[in-house]
Structure formats: C-alpha cells, structure tokens
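As structure tokens, the structure follows; a few thoughts come after it.
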Amino acid sequence: MSAWSLTGATPDQPVVADMGESDSDALSVSQAAELAAGALHGVPKITVLGEVTGFRGPNARSGHCYFQIKDESAALECIVWKGTYDKRAFDLRDGLQVLFTGTFDLYKPTGKMSFKASSFTLAGEGLLRQQVAQLAEKLRREGLMEPERKRRIPVFCTRVAVVTSLSGAVINDVKRTLRRRNPMVEVVCVGAKVQGEGAPAELVEGLRRAAAITPAPDCILLVRGGGSFEDLMTFNDEGLARAVAACPLPVVTGIGHEPDNSICDMVSDRRCSTPTAAAESVAPEFSELVSALDGREQRLQRVLEGKVVRAASACDGLGGRLGRAMDVRLERERRSLDAFATRPCLTSPANIVDRREVELAQTVDRFCTACERAQGRFAMELDRLAPRLRSSTAQMDRMGHGLELAASRLRSKGAQLLSAPVAELGRSAAALDALSPLKVLGRGYSIAYDGGGSVATRADSFHVGDALRLRMADGDVLATVDAVECVAAPRE
C-alpha cells in the first residue's frame with residue numbers, strides 16, 4: 001500500500017489532514033520510515049557520477065568511509081563500507097570525479113537517506129591521473145627515475161637541439177630566450193607534433209633525429225606550452241618516456257607550466273617548469289658568463305700569485321740549504337785531502353821502497369838460516385835411525401820365511417785331514433743314489449697319490465670315480481679310477 005492511497009490523495013494533489021478522522025488512522029514515525037525504506041529498496045542498483053566532498057574516513061573504529069557526492073545542483077550522502085574500501089585501487093579524497101555503483105538506503109533511527117556504494121572507479125581526468133600514477137610507479141621500480149641514472153648537463157652549452165612543434169609560439173620563445181641570454185649558442189630545431197593522435201611516435205622520432213645530428217648537440221630540449229591535463233597526456237606516454245630515458249644525449253624538459261608534471265619530466269635528466277625556463281637553464285646569460293670568467297680570472301690570478309710566492313720562498317730555502325750543504329761537503333773534502341797529503345807515501349815515496357828492501361833482505365837471511373838448521377837436524381835424525389831401519393828389515397825377512405814354511409805345512413796337513421771325510425762322502429752319495437725313488441722311477445716304476453696327496457700303497461684304498469695322480473720319472477699324470485682289482489685279500 002502506498003502513502004498516496006493511505007491519505008486518499010493523488011501524487012499531484014497536496015495531502016490535507018481530515019481533522020474529523022480518528023488518530024488511529026495515522027501512521028507512526030516507524031511505520032512511515034519503514035514505508036520510505038521499502039520504497040528506496042525498490043530502486044535498482046544504479047551508477048552515479050559525482051564529485052567527492054566532505055570525505056571522512058576510513059573511520060578509526062569501523063573502517064567505513066562517510067562523505068557526500070555532488071554536482072552543480074544537488075548532493076547525496078554516501079557510504080563506502082570497510083570491505084569495499086579495502087579493495088580500492090586508489091584513495092578517495094575531496095575533489096575527485098568518481099563513478100559510484102550501489103543502492104539507496106534509509107537509516108531509520110534518524111530518517112536519513114544514504115547512497116551505499118558497492119564499487120567505485122575514477123572518471124574523466126581522475127582516471128587518467130590514476131593511469132599516469134600507475135605508469136610512473138612502474139617506471140620508478142625499473143629505476144628510470146633514480147638520480148644516479150640522470151646525466152650531467154654541461155654548464156656552458158654551445159649547441160642545443162629543440163624538439164617541439166615548429167608552428168607554435170614555444171619554439172619562438174625558446175629561440176628568443178637563447179638569443180637574449182647567449183647569442184653564441186647554436187640552436188637546431190627538430191619538428192614534431194606535441195598533441196593529438198600520433199604525437200608520441202613523432203616525438204620519439206624527433207628525439208632520434210636530434211641525437212643523430214652531427215656534430216652532436218650538448219643537450220636536447222623537449223618542450224611544449226601549457227594546456228589541460230588531457231592536452232599534456234602525450235608526454236605521459238610510456239614509449240616516449242622510455243625514449244627520453246634511453247636517449248644518448250642529456251634531455252631537458254620544459255612541459256606546460258609550473259604545476260604540470262609529466263612522466264617525461266620524471267625520467268628526463270633535468271626538469272624545468274616552462275619551456276622558457278628550460279632554455280634559460282642551458283644557456284647562461286652572457287653577462288653571467290663574463291662575470292663568471294672575470295671571477296675565475298681573479299681566482300686564477302690569486303692562485304698563481306700564491307703559487308709563485310710559495311715557489312720563490314721554497315727556492316730561497318732550497319738555495320740556502322744547498323749553500324750550507326756545499327760548504328759542509330767542501331770542508332769535509334778539504335780535511336780528507338789534507339789527511340791524505342800527510343801520508344808517507346806522498347811525502348817520501350823512496351823511504352817506503354828502501355824500508356821494504358831492508359825487510360825483504362832480513363826475511364831472506366832468516367829463511368836461509370832456517371833451511372840450514374832444518375837440513376842439519378834431518379841429517380842427524382837420519383843417521384840416528386839408520387841402524388834401527390837395517391835391523392827391522394832383517395827381522396821382516398826372517399818373519400817372511402817363517403810364514404812361507406807355515407803355509408806349506410798347513411796345505412799338507414789340510415789334505416791329510418780331508419782325505420777320509422771325502423771318501424766317506426763319496427760312498428754315502430753312491431748309496432743314496434742307489435736307494436733314490438727317482439732311480440726306481442727311471443726303470444719304469446711310478447708312485448700313486450690319492451686325492452688327499454698321500455702315497456697310496458694298497459689298491460683297495462681307491463674307489464671308482466676317485467681322483468688319482470701318478471708320479472713318473474719326468475712328471476705327473478692325473479687320472480680317474482674306472483675300476484679297482486685286488487689281487488690279494490686285505491690284511492687284518
């Protein structure tokens with residue numbers, strides 16, 4: 001039952017209370033809230049586009065988010081539950097244009113209507129900004145934005161390549177700035193689209209052409225004028241950003257105005273707020289160059305003067321030290337020369353020769369005297385020992401004759417002592433030879449051995465199939481017993 005049927009009015013007619021009816025026909029507040037909640041539940045799930053305002057969340061206790069979404073003429077209370085917000089791809093904040101999908105609900109205790117969002121995504125520029133942020137994070141993880149990777153821009157650039165549109169005012173501003181600040185800087189312009197379809201590819205080609213210029217520029221300016229976020233999306237292209245990072249020459253960007261910041265700005269070697277600022281950064285003003293050269297000239301002069309003064313002082317010190325060292329060395333050499341001059345070999349050389357002749361004559365006399373004394377002693381000793389030598393020789397002759405007689409007797413006695421044992425040994429050898437089993441084997445006999453290697457003396461010690469070894473005069477014969485024949489009965 002609808003609220004209109006309860007009062008008897010139509011949707012286009014105002015509801016007028018009948019003062020004559022009883023109070024029992026009126027709805028309670030709870031019933032009215034229930035009726036409104038039922039009507040809101042009948043509204044299907046819808047998607048609403050609006051701007052986030054008054055954002056509060058996530059709540060410290062519940063984790064839910066409460067805020068409003070609005071357009072130019074209306075506003076809705078909105079709730080995002082904790083589970084939905086935890087699955088977000090971006091954080092909600094005031095000012096974002098967001099697409100919310102959900103249903104309406106009525107909070108009965110206060111009668112407040114809210115839109116419960118079950119999902120939300122960025123819309124328009126917000127979506128683009130989210131995509132740009134994701135790409136920037138991807139390139140940052142790859143290290144393309146690290147300060148260590150960025151190359152140094154020369155302080156004094158003499159040749160600059162500018163990659164931009166040749167039909168806009170930007171190229172004229174860059175040229176005018178470079179001429180004003182330093183007319184000696186050579187500018188090489190490389191045209192490319194900076195907006196619209198195909199612009200990223202043209203800019204990549206422009207960077208390649210600029211890097212291939214001969215002689216090579218000191219750096220490349222990648223610039224364009226201001227515009228909306230969508231207009232600057234060309235410089236958020238991944239391919240163009242990678243081309244900027246991989247360019248063999250340093251790249252200076254001046255894209256848009258001060259608040260604008262594109263991915264190409266992040267990966268370039270130097271980011272400037274505007275194209276004019278980019279041109280100023282690579283071309284110091286001529287007066288600044290003159291002032292810098294003057295300052296450097298003065299510093300160089302002071303440094304050289306200081307070096308000359310220090311070198312002159314060092315030379316003076318070294319000269320003094322050298323003079324003192326030479327004086328000391330000359331004095332030492334003079335004293336050595338004086339000492340050499342006082343030596344006898346230089347004052348009277350003949351005296352040395354005379355002294356040596358006297359010493360030599362004395363030595364000869366002492367040697368002759370010693371030789372004569374030694375010869376006399378030797379003759380006396382020889383005379384003293386001569387009788388003893390003659391006696392010793394005769395004694396040795398007698399001893400030799402005695403030894404010869406003893407040797408003769410020893411040979412004779414030895415033959416007598418060995419004759420009897422030799423004869424006995426011959427008789428014993430003959431007897432052994434006669435009794436040797438090998439002698440018997442030579443006459444045609446053999447010796448039988450059983451399987452255990454023992455000599456077999458009886459035929460009944462063998463059985464059919466037993467192994468048999470026969471010892472002959474010239475070797476052994478191995479055989480197997482086929483039959484056993486006993487010629488006599490075995491003894492007890």
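The values are calculated or read from the model by the stated rules, or taken from the named source; none is laboratory data. Note that the structure is a prediction, hence the values are computed from the model and not measured. Quick reminder, even Gly has a Cβ in these numbers, built from the backbone with ideal geometry, and neighbours come from all protein chains shown. In case anyone asks, the SASA skips ligands and DNA or RNA and just uses the protein heavy atoms, side chains included. Shrake-Rupley method; radii C 1.70, N 1.55, O 1.52, S 1.80 Å.
Lysine pairs in the chain with alpha-carbon atoms under 22 Å apart, 8 or more places apart or on different chains: how many are there?
Value for the chain: 17.
Using just the Cα positions, wrap segment 32-123 in a convex hull and report its mean projected area in square nanometres, one decimal place. Write out the running numbers ahead of the final one.
Values: hull surface 25.2 nm².
Seen from a random direction, the Cα hull of segment 32-123 projects 6.3 nm² on average.
Residue by residue through segment 75-85, what is 3J(HN,Hα) from phi via Karplus (6.51 cos²θ - 1.76 cosθ + 1.60, θ = phi - 60°)? Round to whole Hz and write x for glycine and proline.
Those phi angles translate into 8, 10, 6, 9, 10, 10, 5, 4, x, 5, 5 Hz.
With a 1.4 Å probe and all protein chains kept in place, how do 85, 449, 107 rank by accessible area, largest first? Don't skip to the answer; put the middle values down first.
Details: 85 10, 449 35, 107 135 Å².
Putting 85, 449, 107 in descending order of accessible area: 107, 449, 85.
Compute the Rg to Rh ratio over segment 146-224 from the alpha carbon atoms, using the Kirkwood formula for Rh, and round to two decimal places.
Details: Rg = 13.1 Å, Rh = 13.3 Å.
Rg divided by Rh gives 0.98.
Leaving ligands, DNA and RNA out of it, work out the accessible area of residue 64 with a 1.4 Å probe and give it in Å² to the nearest 10.
Spelled out: residue 64, probe radius 1.4 Å, area about 50 Å².
Which whole-Hz couplings ³J(HN,Hα) result when phi for each residue of segment 468-485 is put into the Karplus expression 6.51 cos²θ - 1.76 cosθ + 1.60, θ = phi - 60°, listed in order with x for Gly and Pro?
Result, ordered by residue: 9, 10, 10, 8, 9, 5, 10, x, 10, 10, 9, 8, 10, 6, 9, 7, 10, 10 Hz.
What is the extension gain from residue 74 to residue 195, computed as 0.36 nm multiplied by their sequence separation minus the C-alpha to C-alpha distance, in nm to one decimal? Spell out each step's value before the answer.
Numbers: separation 121, 0.36 × 121 = 43.56 nm, distance 3.57 nm.
Full-extension gain reported as 40.0 nm.
Tell me which residues come under 5 Å, amide H to amide H, from residue 192 once H is placed; ignore anything under 5 positions away on its chain.
164, 165, 166
Between the alpha-carbon centers of segment 171-191 and segment 348-375, tell me the distance in whole angstrom.
Going from one Cα centre to the other spans 110 Å.
Using Cα-Cα distances under 8 Å and only pairs 6 or more residues apart, what relative contact order does the chain have, in percent?
On the way: 586 pairs, mean separation 35.5, N = 492.
Result for the chain is 7 percent.
Where the only charges are on Cβ atoms (+1 Lys, Arg; -1 Asp, Glu), what is the dipole of the chain about its Cα centre, to the nearest 20 debye?
Details: 63 positive and 63 negative charges, 815 e Å.
For the chain, the charge dipole is close to 3920 debye.
Put +1 on the Cβ of every Lys and Arg and -1 on every Asp and Glu Cβ in the chain; which of 298, 110, 345 then has its Cα farthest towards the positive end of the dipole?
Going by the Cα projections, it comes out as 345.
Bin by bin, in steps of 10 Å, what percent of the Cα pairs in segment 127-284 do you find, going until the bin that has the longest distance?
Bins of 10 Å from zero give 12, 45, 35, 8, 0 percent of pairs.
For n ≥ 4 DSSP H runs only, could you compute -39500 (n - 2.57) per run for the chain, divide by its residues and tell me the 222 nm figure to the nearest 500?
Numbers: 13 runs with 241 residues, N = 492.
Calculated mean residue ellipticity at 222 nm is -16500 deg cm²/dmol.
Probe 1.4 Å, all protein chains in place: accessible area of residue 447 in Å², nearest 10?
Answer for residue 447: close to 50 Å² accessible.
Starting from segment 371-449, pick out the trypsin sites (Lys or Arg not before Pro) whose DSSP state is loop and whose Cβ has at most 14 other Cβ atoms within 10 Å.
Values: sites: 373, 377, 384, 388, 390, 398, 409, 411, 413, 427, 439, 443; in loops: 443.
Here the sparse-neighbourhood loop sites are 443.
Using a 1.4 angstrom probe and counting only protein chains, how large is the accessible area of residue 480 in Å², to 10?
90 Å²
If DNA, RNA and ligands are ignored and the probe is 1.4 Å, what is the ranking of 99, 249, 389 by accessible area, most exposed first? Intermediate values should be presented prior to the final figure.
Working: 99 60, 249 25, 389 105 Å².
Order by accessible area, largest first: 389, 99, 249.
Order the following by accessible area, largest value first: 264, 486, 189. Probe radius 1.4 Å; ligands, DNA and RNA are ignored.
Numbers: 264 0, 486 75, 189 50 Å².
Highest to lowest solvent-accessible surface, that is 486, 189, 264.
Enumerate the calculated ³J(HN,Hα) couplings along segment 147-155 in order (Karplus 6.51 cos²θ - 1.76 cosθ + 1.60, θ = phi - 60°), each rounded to whole Hz, writing x wherever the residue is Gly or Pro.
x, 5, 7, 6, 8, 7, 8, x, 5
Using only the alpha-carbon atoms of segment 311-450 as identical scatterers, what base-10 log of I(q)/I(0) does the Debye formula give at q = 0.10, 0.15, 0.16 Å⁻¹?
So the normalised log intensities are -0.88, -1.06, -1.08.
Show me the helices of the chain, taken as full DSSP H stretches, that run 20 Å or more along their long axis by Cα and average -0.5 or above in Kyte-Doolittle hydropathy. Each step should come with its number before you reach the end.
Numbers: long enough: 125-141 (24 Å, -0.72); 286-341 (79 Å, -0.34); 349-435 (111 Å, -0.22).
Correct list, ordered by number: 286-341, 349-435.
Solvent-accessible area per residue for the chain at a 1.4 Å probe radius, Å²? Provide the component values of the computation, followed by the final result.
Details: 33200 Å² over 492 residues.
Ligands and nucleic acids excluded, the figure is 67 Å² per residue.
With all protein chains present, how much of the accessible area of segment 32-184 (probe radius 1.4 Å) comes from carbon and sulfur, to the nearest whole percent? Mind dumping the intermediate values first?
Values: 4790 of 8890 Å².
Carbon plus sulfur share of accessible area: 54 percent.
Quick one: net charge of residue 305's neighbours, Cβ under 13 Å, K/R +1, D/E -1?
Details: positive: 299, 302, 307, 310; negative: 297.
The answer is +3.
Mind checking segment 243-346 for GluC sites (Glu not before Pro) that DSSP puts in a loop (not H, G, I, E or B) and that have at most 16 other Cβ atoms within 10 Å? It would help to have the intermediate numbers written out before the result.
On the way: sites: 280, 285, 288, 297, 305, 331, 333; in loops: 285.
For GluC sites (Glu not before Pro) across segment 243-346 that sit outside H, G, I, E and B with at most 16 neighbouring Cβ atoms in 10 Å, the list reads 285.
With a Förster radius of 60 Å, plug the Cβ-Cβ distance of residue 133 and residue 308 into 1/(1 + (r/R0)^6) and report the FRET value to the nearest 0.05.
Working: r = 61 Å, r/R0 = 1.01.
After rounding to 0.05, the efficiency reads 0.50.
With just the Cα atoms of the chain, tell me how far they stretch along each of the three principal axes, in Å, largest first.
187, 136, 54
Roughly to the nearest percent, how much of the accessible area of segment 259-414 is carbon and sulfur, given a 1.4 Å probe?
Carbon-and-sulfur percentage of accessible area, whole number: 61.
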